[in-house]
1. With 10 angstrom as the radius, rank LYS308, LYS127 by how many other C-beta atoms surround their C-beta, starting from the fewest.
2. Residues with amide H under 5 Å of ARG145's amide H, sequence separation 5 or more or different chain, H placed in the peptide plane at 1.01 Å from N; which?
3. Using the Cα centre of segment 99-242 as the reference point, and only Cβ charges (+1 on K/R, -1 on D/E), how large is the resulting charge dipole? Debye, rounded to the nearest 20.
4. Past the 20 Å Cα-Cα mark, which pairs from LYS306/LYS350; LYS150/LYS211; LYS36/LYS426; LYS38/LYS426; LYS87/LYS359?
5. Where in segment 352-401 are there trypsin sites (Lys or Arg not before Pro) that are in a DSSP coil and have at most 14 other Cβ atoms within 10 angstrom of their Cβ?
6. Quick one: 3J(HN,Hα) in Hz for segment 191-203, Karplus 6.51/-1.76/1.60 with θ = phi - 60°, rounded, Gly and Pro as x.
7. What size of dipole, in debye to the nearest 20, comes out for segment 225-291 about its Cα centre when the only charges are +1 on Lys and Arg C-beta atoms and -1 on Asp and Glu C-beta atoms?
8. Using every pair of alpha-carbon atoms in segment 216-357, split the distances into 10 Å bins beginning at 0 and state the percent of pairs per bin, rounded to integers.
Amino acid sequence: MKTLFRLLALTAFAVLHCTSLSAGEVAQRHTPTAQKLKALCDADTTLWPLMAEFCDYFPRRLSGSTMLDESLTWLERRLTAEGWTVKSQPVMVPNWKRGQESARLLAPYHRNLPMLGLGGSVGTGGKPLRADILVVTSFDDLRKRGSQAKGRIVVWNVPFTTYGQTVAYRYNGASEAARYGAVASLVRSVGPFSMQTPHTGGMAYNDSLPKIPAAAITMEDALFFQRMQDRGEQLSVELVMNATWEQDAPSRNIIVEIPGTELPNEVVVMGGHIDSWDVGFGAMDDAGGCIVAWRALRHIRDLGLKPKRTIRMCFWTNEENGLRGGVGYARQTEQERHVMGIESDGGVFKPTGFSTSAKGPLRTYLEDAALLLAPIGASTLTDGEGGADTSPLHEKGVPVMELVTDGPYFWYHHTDADSPDKLDPKQMADCTYAMAIMAWVCAQQ
């Protein structure tokens, strides 16, 4: 019994001793490497131009489009020219086409209304849809006024709070409006700022209810409709949408990696999604995240660093309207052990840290490693569940992280204003450093 007690005591001491050693020492151990990575990132003058070149030649990379396919081919060629062995993962993706669309105020006077059909919406049946509108401010408001919705276009004038809360009206608004007999649904664009810029995005239908056309209008017009309705005015709108669904189309994820020297079947994957909506340049969302992950891996390679575990970069396809790239990645890598999934999909603005699902000793290790990001003000770790593309890995128990940045992401999210000029070269360099550091320390843990 005394021997058993001594063994337990020694084991407890060893655990405590390892914990005390790790506290503050992970960052110290990796400081020389971090300094070299920081110097490479700061000296890199080609990062922002690469992102801009890609976006300028390949905007509007919606799943199923020729533009997305051509952009993937361009990336494969550029990666090959840099000396990478490029792998691809084939996936079939949804193929929704916007077609011609418009919205027009008919009464009390005529005016064109900026609008964008929501991804996945049905069209108006090949002819204009004309109806009076009913402005509501919440699901509860519609329930209270449901008897007024029949035969009308429901306008959701819901102020932006958080994306997670407000996006419910974009995603579910059409079916909720149809529940009360509405003929179409218009949602106030999901964002805190507008200059008559509508925001598109995905939506879904409840199959037990009629499918009605759904589009986004600007913040300004939603507020205008509300003011006029409050004055007792009856407004009428004409909506034209020629959206269609076509057969699923082939696409692919793109992968390059630095194989692990000791545990090559254990993987740290980092990246972003290469598809975008069919508006704007898709720079913030998410070419910037992809290019930053690419350059982070290149800097690790250029320093001649040899990770214990494999560090992989992935450009996931079809995040915006299906997540089939992320799902396909998780399925096609089931024979590997992922130790971390890292995504950048919040705009590569000023980095402030990472959100992570990591718990226990791994969380402690990451908090220590995050001290390496103090020079760029990005040493904060918060709770989170990672990005959309890493969520299928997270569902399988893989810890995940997502780069957190401070910038006007939702001002331009899913709009024609998502363009390269919104991103700053220095902030992109700092994001690259943050991604490189976290990928490296996760591979070395």
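All of the numbers you see were taken from the coordinates with simple rules; none came from a lab. Computed from a predicted structure; not experimentally measured. Because the Cβ atoms are built from the backbone with ideal geometry, glycine has one as well, and the counts that use them run over all protein chains shown.
1. By the 10 Å Cβ count, ascending: LYS127, LYS308.
2. none
3. 240 debye
4. Result: LYS306/LYS350; LYS87/LYS359 exceed 20 Å.
5. Qualifying residues, ordered by number: LYS359, LYS396.
6. Calculated HN-Hα couplings, in order: x, x, 8, 7, 10, 6, 10, x, 10, 7, x, x, 9 Hz.
7. Numbers: 3 positive and 12 negative charges, 53 e Å.
About 260 debye.
8. 10, 29, 26, 15, 11, 6, 2, 0
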